[in-house]
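Notes follow the structure.
The values are calculated or read from the model by the stated rules, or taken from the named source; none is laboratory data. If you're wondering where the values come from, they're calculated on a predicted model, not measured in any experiment. With ideal geometry, Cβ positions are generated from the backbone for all residues, glycine too; neighbour counts draw on all protein chains shown. Ligands, DNA and RNA are stripped out before the accessible areas are found, and what is left, the full protein with its side chains, is counted by its heavy atoms. Shrake-Rupley method; radii C 1.70, N 1.55, O 1.52, S 1.80 Å.
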Amino acid sequence: MTALRVALIGAPNSGKSSLFNTLTGSHQKVANYPGVTVERRAGTVLTEAGENVYLVDLPGLYSLNDRSLDEKVSREILTGVHETEEQPEVLVCVINAANLRVHLRLVLELKSLDIPIIVALNMHDLATRDGIEIDVARLSEELGVPVMTTIAVKDSGVKALKEYLSRDASAYAKPTGKPADTTTRALQKEAGRITKLVTIKEGGQHKMTRLLDSVALHPVAGIVLFFTMLFFMFQAVFSWAEGPMDFIEGSFAALGEIVATYIPEGILRSFIQDGLIAGVGSVLVFLPQIIILFTFILILEASGYMARAAFIMDKLMAKVGLNGRAFIPLLSSFACAIPGIMATRTIANHRDRITTIMIAPLMTCSARLPVYTLLIAAFIPNIKVMGYFGLQGVVFFGLYMAGIISAIIVAAVMKKTITKGALQPFLMELPKYQLPRLRHVFLELWQRVRAFLRRAGTIILYAAIALWALTLYPRAPENAPEADIYYSFAGMIGRALQVIFAPLGFNWEISIALVPGMAAREVAVSALGTVYALQGDEDQVAQSLATVLQSAWPLPTALAFLAWFIYAPQCLATLATARRETNSWGWTAFMTGYLFGLAYLISLIVNITATALLN
Amino acid sequence: MTKYLCDLKVGDQSIILGFDTSRVEDQEFAIDLEDRLLEIGFEEGLDVEVLHKGTFGGDPLAVKIGTITVALRKMEAAAIILGEK
């Protein structure tokens, strides 16, 4: 017997994701539907009878109009015309007892599909605490479909539903009494009528939510709370992650040492040590930051605060044509664009999400810091300006601001051109606050971590190996006057690029360092060390490098190099993440192209202006 | 004079009388605004109360409709006609 195909559907905040997590546990897979950014979640449910049920979690939506990609994909699946996803045999529609009127309308709309429906009435413990009472038998009778009460977050709360799903596909009856008039208003009226009939006790206001909102949405206190929370979150991302990151770095270094003792000097050792271990290590080192950041984001999301954060930031984000939900992903990108881009999944609108992904790499990530620190220490005098501020600090701040301002301009231009579209309504339900379930947070976190690890193990690994080979081959001739890398393919590419980079004031040493620097921005520092034939670890190289660079580079070159790093997408992992999340090579190419283009243009302007001013 | 949801102050209560999406400047946006408002829970005859307003320019608004709270922009609230309670 083939597994019963079941689709889970429900409005946002109905408790659908919790129910999905409770039903499938860790037996789930998150990916995208082919060609679109709509997230596809599917998993298997082991029923009471020991049968496997295939469960696909459709995006949360209020209706099946083809207004958003989510709605379009869902409609295609439900009507059986989707190219890869088969039409489900049974629908489980999740409705929340606390918002019957709105959620029942979706049930009524689904009835016209001619697929057997089971309504899962989510009697979240909040509903009972609020004193809501519903006549379930009457509800089932009025709807013409079976209704099961569930408590989405508890294993015991889904037992009846699991039992019900262990039947054969033919055992489910199609809904009776299809609505004659399927306009939104007519369905709404009917939903309202049924709600009145079946509600025994309406339940009071959720007092805790009112109380918390009086602070979280307060014009002053709300903003203070929001920024305090952010400050704490970023403090955590940077300081808590430090230990684990050092540990990972140390482990990979130790692993390299072990390899060195067992494998004789040569190609194989170099491949394993410098290619495999160093390559994967340089990406895995971001894992602690990703885990901490997502733990925060998921807790904020599950508790209901994220919707409030979007409320607080909406006015500001609206100025660049985005909505409040784009703020957190952009902010995350200050740590690293990879989790930032991954966090854009909370943005429902496709165009807004693409715009946010495209500007995320302009936020100054932590990998740029080694580059900035090196050049500022080498070229910006440590003096005070306006008697108060250190010039080095001012330049540092300027680099951050340049990224932010550029992002605002790029977003504004994109929203007027390529991601242009009808204004998106902000309309959003503010869910009741609740305590996040550990299990739910953990499952969601695991999905993100797994996606990141899979990437580190595939595309990033291949890229690291390719770069390793490029910097090693062909070998330098005996007694060569320049560093080994000069004679390698990377060196050749760099020297060829120098023709292009010459107007920016970049010499061949810089051009060569930019090639391995594609692995990650900070690699450019150690690559410069290699080119200038310096030995030692990253810190030592950086220190002596500053002295070397002072005499080797004119000031305009250094400034143009800084400008280059504000924009250039010198990070294959970010590009790989953008490819995955946009599900499009076109957008990935666009991101790469516009960032390199801006980098070139701005560096050129900086070089020409600085040279003119100094003469 | 007709009153709209965007005119209410924090703490004000009223009742929804209907929708007038022609008041929204961007007509492309206005096309399905009424459907969207209905879908999220706005409906004729329901009580509304403005719970909170954003810090800058009182935008967006948080509005209580029945048992739920919905956030929306002033521009969207301008399309909701209110009646006497």
Taking the condition of being touching a helix residue (DSSP H, G or I) at 6+ places or on another chain (Cβ under 6 Å), more than 9 Å from chain A (Cβ to nearest Cβ) and free of Cβ contacts under 8 Å to residues at least 12 places away in the same chain, how many residues in region B:25-47 meet it?
0
Near pairs, Cβ below 8 angstrom, 6+ apart or cross-chain, from region A:200-224 (free of Cβ contacts under 8 Å to residues at least 12 places away in the same chain) to any residue that is open to solvent by less than 70 Å² (accessible area, probe 1.4 Å) and small (Gly, Ala, Ser)
A:215/A:221; A:215/A:222; A:219/B:54
Selection from region A:402-439 of residues that are open to solvent by 40 Å² or more (accessible area, probe 1.4 Å), farther than 16 Å from residue A:320 by Cα and of a type outside the set (S, T, N, Q):
A:432, A:435, A:436, A:437, A:438, A:439
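Can you pull out the residues in region A:295-330 that are more than 14 Å from chain B (Cβ to nearest Cβ), open to solvent by 30 Å² or more (accessible area, probe 1.4 Å) and aliphatic (A, V, I, L, M)?
Matches in region A:295-330: A:299 only.
Yes/no matrix, rows are residues, columns are (1) away from chain B (no Cβ under 14 Å); (2) farther than 22 Å from residue A:370 by Cβ; (3) modelled with pLDDT under 80:
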{"residue": "A:394", "(1), (2), (3)": "yes, no, no"}
{"residue": "A:411", "(1), (2), (3)": "yes, yes, no"}
{"residue": "A:435", "(1), (2), (3)": "yes, yes, no"}
{"residue": "A:476", "(1), (2), (3)": "yes, yes, yes"}
{"residue": "A:485", "(1), (2), (3)": "yes, no, yes"}
Would a scan of region A:229-248 turn up a residue that is within 14 Å of another protein chain (Cβ to nearest Cβ) and either part of a helix (DSSP H, G or I) or not polar (S, T, N, Q) (or both)?
no
Candidate set: region A:167-184, residues that are in contact (Cβ under 8 Å) with a residue 12 or more places away in the chain and within 14 Å of chain B (Cβ to nearest Cβ); chosen: the one surrounded by the most Cβ atoms within 10 Å (Cβ to Cβ)
A:184
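One line per residue, one yes/no per condition, for (1) within 20 Å of the chain's Cα centre (by Cα); (2) within 26 Å of residue A:227 (Cβ to Cβ); (3) of a type outside the set (S, T, N, Q):
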{"site": "A:325", "(1), (2), (3)": "yes, yes, yes"}
{"site": "A:331", "(1), (2), (3)": "yes, yes, yes"}
{"site": "A:337", "(1), (2), (3)": "yes, yes, yes"}
{"site": "A:352", "(1), (2), (3)": "yes, yes, yes"}
{"site": "A:364", "(1), (2), (3)": "yes, yes, no"}
{"site": "A:393", "(1), (2), (3)": "no, yes, yes"}
{"site": "A:404", "(1), (2), (3)": "yes, yes, yes"}
{"site": "A:408", "(1), (2), (3)": "yes, yes, yes"}
{"site": "A:432", "(1), (2), (3)": "no, yes, yes"}
Within region B:67-75, can one find any residue that is in contact with a Ser or Thr (Cβ under 6 Å, 6 or more places away or on another chain) and either within 11 Å of chain A (Cβ to nearest Cβ) or surrounded by fewer than 18 Cβ atoms within 10 Å (Cβ to Cβ) (or both)?
no
Does region A:185-209 hold any residues that are facing another protein chain (nearest Cβ under 8 Å) and of a type in the set (Lys, Arg), and which are they?
A:185
Just to be sure, is residue B:11 closer than 28 Å to residue A:207 by Cα, without any contact (Cβ under 8 Å) to a residue 60 or more places away in the chain, facing chain A (nearest Cβ under 9 Å) and part of a loop (DSSP other than H, G, I, E, B)?
no
So which of A:162, A:111, A:154 ends up being open to solvent by less than 20 Å² (accessible area, probe 1.4 Å) and either of a type in the set (Gly, Ala, Ser) or more than 14 Å from chain B (Cβ to nearest Cβ) (or both)?
A:111
Quick one: residue A:141 ticks every box in (1) open to solvent by less than 40 Å² (accessible area, probe 1.4 Å); (2) farther than 21 Å from residue A:167 by Cα; (3) away from every other protein chain (no Cβ under 14 Å) except a single one, so which number is it?
(1)
Only one of these is in contact (Cβ under 8 Å) with a residue 24 or more places away in the chain, closer than 19 Å to residue A:161 by Cα and either aliphatic (A, V, I, L, M) or open to solvent by less than 10 Å² (accessible area, probe 1.4 Å) (or both): A:4, A:69. Name it.
A:4
Could you tell me whether any residue of region B:48-66 is outside any loop (DSSP other than H, G, I, E, B), at the interface with chain A (Cβ under 7 Å from one of its Cβ atoms), closer than 24 Å to residue A:106 by Cβ and open to solvent by 20 Å² or more (accessible area, probe 1.4 Å)?
no
What helices (runs of 4 or more DSSP H) completely inside region A:49-159 contain at least 3 residues that are under 21 Å from residue A:184 (Cα atoms)?
A:69-78, A:100-111, A:136-143
